[in-house]
Structure formats: structure tokens, C-alpha cells
Amino acid sequence: MAELGQQTVDFSALVSRAAEESYVTLKELVDKCKSSDLSDAEKKIGILKYVVKTQQRMLRLNVLSKWCQQVPLIQYCQQLASTLSSHDTCFTQAADSLFFMHEGLQQARAPIYDVPSAVEILLTGSYERLPKCIEDVGLQSTLNDDQQKPALKKLDVLVRSKLLEVSLPKDITEVKVSDGTVLLRVDGEFKVLVTLGYRGHLSMWRILHMELLVGERSGPMKLDEFRRHALGDDLERRMAAADNPFMTLYSILHELCVALVMDTVIRQVQTLRQGRWKDAIRFELITDGSTGQGGSAGSTQTSQDGESDSASLRTPGLKILYWLDLDKSSGTTEIGTCPFIKIEPGPDLRIKCLHSSFVIDPLTGKEAEFSLDQSCIDIEKLLLRVICCNRYTRLLEIFKELEKNGQICRVPGDVQLQCHVEEMHADSRKKDNKFDSREYQGQEVLRVRAFGSSFFTLAINIRFSPFPFVIGS
């Protein structure tokens with residue numbers, strides 16, 4: 001028998017061994033029946049077991065003999081399976097080769113030469129079948145003055161009708177339509193001039209000019225030509241795909257302006273700390289750990305060198321602390337003793353200026369409200385106004401306490417709170433609002449009568465300490 005496994009045996013040896021085993025078992029059964037005292041029933045049972053066992057063995061030999069006759073067919077099937085497996089491997093390799101060959105053919109193929117056009121140019125010296133896309137290049141002749149006026153009127157009507165189809169953001173402060181264009185303006189942020197005709201489609205908006213209104217004393221910020229064109233192209237693509245194009249335009253430019261304002265504020269504070277405010281203020285960057293939503297759960301990172309956390313996706317805020325001597329004089333180790341002004345974008349991306357405590361505005365006598373003039377950002381002016389209001393509030397508290405003291409304030413006029421902010425504010429209006437922030441210094445004083453016409457004058461240093469000191473009598 002041919003080998004079908006790792007070990008083989010001849011069929012004749014298998015038959016001989018089976019016969020020998022049957023003979024030995026029969027001989028042992030006969031000897032056992034002669035020598036032992038077995039009952040007839042036990043002898044019959046032993047003979048029956050022997051017959052059944054020998055019958056099964058011979059039946060297996062019979063089945064094996066018939067199976068051995070089909071060994072050539074099994075070997076042929078194994079050869080077929082091996083051949084099919086090799087064919088499958090070859091087909092897989094051929095498919096992979098064709099796939100990579102296809103990419104190579106795309107690169108190695110020869111260009112399709114326009115032979116008819118070349119023949120026409122060689123024979124006639126001209127070419128009349130120009131593609132239609134050349135019309136988009138703008139080689140059409142310009143309209144004269146008589147043709148421009150009716151064209152611009154039609155474009156104005158079309159622009160106004162398109163504006164009625166969309167909703168404009170409520171934060172846009174000016175919308176002006178003229179000469180087929182729309183001027184959109186947000187005070188302190190940006191100004192954009194748009195019209196219809198993006199890529200030749202009169203239903204889509206195209207940006208003609210864009211200007212940022214965020215600035216400092218030196219003037220508004222300028223975008224270089226490359227960045228302005230790149231930003232304009234990106235805005236045009238987003239507006240073409242948006243259901244409300246002007247909301248998309250406003251959200252992108254507003255977020256850009258907020259980031260520019262906060263960068264300017266941080267840079268100005270760093271400049272102040274390197275100059276005359278070096279030992280008088282400290283600032284902390286405020287970042288929010290949440291995904292784009294503000295709240296009281298935000299984390300605060302202290303940094304006197306202005307290093308912000310680049311891992312935060314939200315525009316960081318800023319906390320400016322002043323009157324740093326208050327921490328030293330209080331004798332406590334608690335953080336947050338010094339007053340501060342917090343400048344940060346809110347959940348609606350509007351920049352808010354909040355003071356740590358209630359302060360009174362000397363001009364109105366009501367709670368002071370602070371804000372940034374984004375078109376002319378001056379953080380020193382804001383800081384001096386904050387300190388002015390806080391100083392006025394402290395002097396007002398002292399003034400009220402002294403008025404209650406009968407030994408100090410015996411008659412009206414013994415205690416006087418003088419503030420020249422109103423006069424300064426009126427003078428600044430006469431000078432075209434060119435108000436110097438340093439004019440705030442030393443304007444709020446508290447005068448206490450010593451005797452006769454002599455007064456003690458109390459003031460508060462704007463730089464270091466919130467406690468009043470005597471500056472003259």
C-alpha cells in the first residue's frame with residue numbers, strides 16, 4: 001500500500017496479525033473453559049464476547065480492504081488539490097502585478113497629441129477652435145460710461161434682492177449698497193466689500209476688499225497681501241457652500257478679530273511690565289479646559305512672562321492685578337487679595353472687562369463699566385481708569401465714615417472729596433477726544449480741615465498701595 005501518512009504497514013501483515021490475535025484469544029478462551037469451574041452460562045457469555053469482537057475485527061479488515069482499492073483515486077484528488085492551490089497563488093500574484101502595473105502605465109503613457117489642430121496650424125497658420133473656458137479669463141471689452149450706469153442699476157437690484165433672501169447677523173453695524181456692491185461693517189472689528197459673481201455664478205458672493213478695524217494708537221492692523229487673498233479665497237469657498245453666507249463671514253472674521261485683540265492686549269501688558277509698571281502690576285493668563293464654552297470651571301495659569309498654554313483651543317483671557325503691596329500689608333498667604341481687572345472673551349466671543357470688586361465711576365456716580373476700544377486698544381488707559389475708579393471708591397468710603405464722625409466733621413465743608421475728572425473729560429472733548437491716559441494721575445483727593453482754613457490732603461498712590469497718605473496741608 002502506498003504511503004498515506006508518516007508511517008505505513010502492509011495489508012498482508014495486518015491480516016496476519018488480526019488472525020493471530022483471534023487465534024490466541026480463542027486458545028486462551030478454550031484453556032480457561034477447561035481449567036476453571038465455570039458455569040455453562042459464563043462459558044456461553046465468554047464465547048459470545050469472543051465472537052462479537054472477532055466479527056468486528058474482520059468487518060474492519062473488510063472495509064479496509066475495499067478502501068485500499070481506491071487509493072489511486074485519493075492520490076489523484078490530492079494532486080488536483082495541490083494544482084488548484086498553486087493556480088490560486090499564481091492568480092493572486094498576477095492580480096497584484098496588474099494593479100501596480102496599472103499605476104506605472106498611467107505615468108509611462110505617451111501624451112495624446114492633438115494632431116488635427118497641429119496640422120491646421122501648420123497649414124493655415126491660425127486656430128479657430130478655442131475652448132469655451134477662455135471666456136472666464138476676462139478678455140471681454142469693458143463697458144463705456146453709458147453702458148455702465150444701467151448695468152450697475154440692474155446689479156444693485158439683484159444685490160438688494162439677494163440680501164432680502166438671507167438674514168444678516170445683528171452685530172453688523174452698517175450695510176450699504178452702492179454701485180453693485182455691499183459694504184458690511186462691524187465697528188472695531190472689520191469692514192468687507194462684497195458683490196455677486198463668485199466664479200461666474202450670480203447667486204454666490206464674491207469678496208472685493210477686506211479691511212481690519214482692530215488697531216492701536218499707531219493705527220489699525222494691516223494684513224499683508226498674500227494673507228488677505230488667502231483669507232478671502234477661503235471665505236468665498238465657505239460662503240458658497242453655506243446656507244447663510246453672511247453668518248459664516250461674520251463668525252470667521254469675528255473670531256479672528258477677538259484673537260487679534262487678545263494678542264494685542266497681552267503684548268501691551270508685557271510691554272508695561274518691562275517698563276514703568278514693572279513692579280506695580282502682575283498678570284495671569286486664563287484658559288478654559290472646556291471645549292469652547294466659558295464658565296467658572298475654567299483653569300487659571302499664572303505667567304509673568306506671558307507664556308500661554310498652547311494646548312487650549314480657546315482664546316485665552318487675561319487678569320491684570322494691581323496694588324501688589326496689598327498682599328504684603330495683609331500678612332496673609334491667600335491668593336487673590338490684590339484687586340484685578342479681568343479681560344476675556346465670553347461664551348458669545350464678546351470681549352468683557354470685569355473688575356474684581358464693586359467700584360464707582362466718578363463721572364456718573366454709578367457702578368463703573370469697563371470696555372476696550374478695539375479700534376484703538378490702549379491697555380494702560382484702561383488700567384488707569386480702573387485704578388481711578390477704585391481709588392475714588394475708597395476715598396468715597398473714607399469720606400462717608402469721616403462725615404459720620406462728629407469730632408472731625410463739625411460743619412459742612414470740614415471733609416471734602418475733590419475730583420477733577422469731569423473737568424478733564426470736558427477738556428478732552430475740546431481736543432478732539434485726544435485724552436492722555438496719564439492725566440488720570442493724582443486727581444482724586446480727600447481734604448480734611450485741620451484748623452481754620454488749613455486742610456490735610458489725603459491721596460492714594462495709583463501704583464503700589466490702596467491706603468491713603470497725606471500729601472500736604
Exercise for the section: Could you tell me which numbered condition MET1 fails, if it satisfies all but one of (1) at pLDDT 80 or above; (2) open to solvent by 70 Å² or more (accessible area, probe 1.4 Å)? Expected result: (1)
Handout entry: Filtered residues of region 151-188 (kept if among the acidic types (Asp, Glu), surrounded by 15 or more Cβ atoms within 10 Å (Cβ to Cβ) and within 30 Å of the chain's Cα centre (by Cα))
Key = none
Exercise for the section: Would you confirm whether any residue within region 46-69 is more than 29 Å from LEU14 (Cβ to Cβ) and either assigned to a helix (DSSP H, G or I) or under 60 Å from the mean Cα position of the chain (by Cα) (or both)? Expected result: no
Practice task
Mind listing just one residue for me: the one in region 7-45 that is among the small types (Gly, Ala, Ser), assigned to a helix (DSSP H, G or I) and free of Cβ contacts under 8 Å to residues at least 40 places away in the same chain and, of those, most open to solvent (accessible area, probe 1.4 Å)?
Solution key: SER35
Practice task
Take region 204-219 and flag every residue that is open to solvent by 50 Å² or more (accessible area, probe 1.4 Å) and more than 24 Å from SER161 (Cα to Cα).
Solution key: GLU211, ARG217, SER218
Practice task
Determine whether LEU152 is out of contact with any Pro (no Cβ under 6 Å at 6 or more places or on another chain) and closer than 27 Å to VAL258 by Cβ.
Solution key: no
Handout entry: Search result, residues across region 357-388 that are polar (S, T, N, Q) and touching a residue at least 40 places away in the same chain (Cβ under 8 Å)
Key = GLN374, SER375
Fill in the blank from the handout: Conditions (1) at pLDDT 90 or above; (2) surrounded by 10 or more Cβ atoms within 10 Å (Cβ to Cβ) -> GLN78 fails only (1)
Exercise for the section: Return the total of residues in region 194-203 being crowded, with 17+ Cβ neighbours inside 10 Å and at pLDDT below 90. Expected result: 1
Exercise for the section: Hand me the list of strands (runs of 3 or more DSSP E) wholly inside region 229-348 holding 2 or more residues that are open to solvent by 70 Å² or more (accessible area, probe 1.4 Å) and at pLDDT 90 or above. Expected result: none
Handout entry: Residues of region 166-184 that turn out to be part of a strand (DSSP E or B) and without any contact (Cβ under 8 Å) to a residue 24 or more places away in the chain, as a count
Key = 7
Exercise for the section: For region 381-390, state whether one or more residues are touching a Leu at 6+ places or on another chain (Cβ under 6 Å), surrounded by 20 or more Cβ atoms within 10 Å (Cβ to Cβ) and of a type outside the set (A, V, I, L, M). Expected result: no
Handout entry: Cβ-Cβ under 7 Å pairs, at least 6 apart or on other chains, region 244-255 side farther than 16 Å from VAL214 by Cβ, far side open to solvent by 20 Å² or more (accessible area, probe 1.4 Å) and among the basic types (Lys, Arg)
Key = THR248/ARG238
Fill in the blank from the handout: Expected single match for in a strand (DSSP E or B), of a type outside the set (Phe, Trp, Tyr) and either open to solvent by 90 Å² or more (accessible area, probe 1.4 Å) or within 27 Å of LYS381 (Cβ to Cβ) (or both) among LYS191, LYS222 is LYS191
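The values are calculated or read from the model by the stated rules, or taken from the named source; none is laboratory data. Just so it is clear, the model here is predicted, and its values are computed rather than measured. Heads up, the Cβs are rebuilt from the backbone with ideal geometry, glycines too, and the neighbour counts pull from every protein chain shown. Side chains are part of the model used for accessible areas, which takes the heavy atoms of the whole protein and leaves out ligands, DNA and RNA. Shrake-Rupley method; radii C 1.70, N 1.55, O 1.52, S 1.80 Å.
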